[in-house]
Amino acid sequence: MWGASFYICSFIVSEITKGNKVVNKENLNAYDNVKNRRYMMSMDYLDRQRQQKAEPCVMNVCRKAVHNTNYRTEIWTGCYAQMTLMCIPVCSDIGLEVHEDTDQLIRLEQGVGLVKMGDSKERLDFQKKVCEGDTIFVPAGTWHNVINTGRMPMKVSVVYAPPHHPSGTVHHTKEEAEKAHY
């Protein structure tokens, strides 16, 4: 059962890695109020994630991304990083979002677009056109959106550090992803 947010998982892993004692569940409840983009996990799930070892993997990410037709498909999750693939339809976008404790690298494998980033959703003062082969580096706590401005679906690969979605996540559409709210 999903309980504490995935955001909390990254905090816990970070604190454990530093050798610090993890705060109790009551203190973690304060983090559960962060708006819409916190993915829920139970404390049991967090314990299992720490105990499970990710399998080594080699793949042609660009080829997989180009063939991906789902809005989001998780393809690998480790203890400290995760990779997903996304297919953004023409005239659509990833969606304006912020990950407070997660850095992201978004690589355009196919297509063209516009990236917008900033310190708040009302102030996206960084804007840049992007094309196939470009990588967008999104620091934790930065509001961001990637908009498909091309004539074909935009295919991207995304690295989250630490992981942001449950292992095995597949969202066929953006609407399905927005409804998931783990």
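Within the stretch 82-110, residues that are more than 15 Å from residue 147 (Cα to Cα) and in a strand (DSSP E or B) sit with their Cβ atoms under 6 Å from residues that are modelled with pLDDT of 95 or more and open to solvent by less than 10 Å² (accessible area, probe 1.4 Å), at 6+ positions apart or across chains, in these pairs: 82/160; 84/72; 84/158; 85/65; 85/157; 104/138; 104/160. Evaluating residue 140 against the criteria (1) of a type in the set (A, V, I, L, M); (2) in contact with an Asp or Glu (Cβ under 7 Å, 6 or more places away or on another chain); (3) modelled with pLDDT under 95 leaves one unmet condition, (3). The test for being touching a strand residue (DSSP E or B) at 6+ places or on another chain (Cβ under 8 Å), within 18 Å of residue 97 (Cα to Cα) and modelled with pLDDT of 95 or more holds for residue 156.
Screening the stretch 125-182 for strands (runs of 3 or more DSSP E) wholly inside it with 3 or more residues that are over 16 Å from residue 92 (Cβ atoms) and without any contact (Cβ under 8 Å) to a residue 24 or more places away in the chain returns the ranges 126-131. Kindly evaluate residue 70 against the criterion of being free of Cβ contacts under 8 Å to residues at least 12 places away in the same chain and either within 28 Å of residue 152 (Cβ to Cβ) or not small (Gly, Ala, Ser) (or both). So residue 70 does not fit the description; no.
To keep it simple, each residue is scored yes or no on (1) closer than 25 Å to residue 54 by Cα; (2) among the basic types (Lys, Arg); (3) within 12 Å of the chain's Cα centre (by Cα).
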residue: 106; (1), (2), (3): yes, no, yes
residue: 116; (1), (2), (3): no, yes, no
residue: 144; (1), (2), (3): no, no, yes
residue: 171; (1), (2), (3): yes, no, no
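Scanning the stretch 49-68 for residues that are modelled with pLDDT of 95 or more, open to solvent by less than 100 Å² (accessible area, probe 1.4 Å) and not in a helix (DSSP H, G or I) yields 59, 60, 68. Take the conditions over 20 Å from residue 177 (Cβ atoms), at pLDDT 50 or above and open to solvent by 70 Å² or more (accessible area, probe 1.4 Å) and apply them to residue 80. Does it pass? Judged against the criteria, residue 80 is a match. Taken over the stretch 111-122, residues that are touching a residue at least 12 places away in the same chain (Cβ under 8 Å) and surrounded by fewer than 19 Cβ atoms within 10 Å (Cβ to Cβ) amount to 7. Being open to solvent by 10 Å² or more (accessible area, probe 1.4 Å), touching a strand residue (DSSP E or B) at 6+ places or on another chain (Cβ under 9 Å) and over 11 Å from residue 112 (Cβ atoms) is a property that residue 168 has.
The values are calculated or read from the model by the stated rules, or taken from the named source; none is laboratory data. The model shown is predicted, which means the values in this text are computed figures rather than measured ones. Cβ: placed from backbone, ideal geometry, glycine included. Neighbour counts: every protein chain shown. Quick note on the areas: whole protein, heavy atoms, side chains included, nothing else; ligands and nucleic acids left out. Shrake-Rupley method; radii C 1.70, N 1.55, O 1.52, S 1.80 Å.
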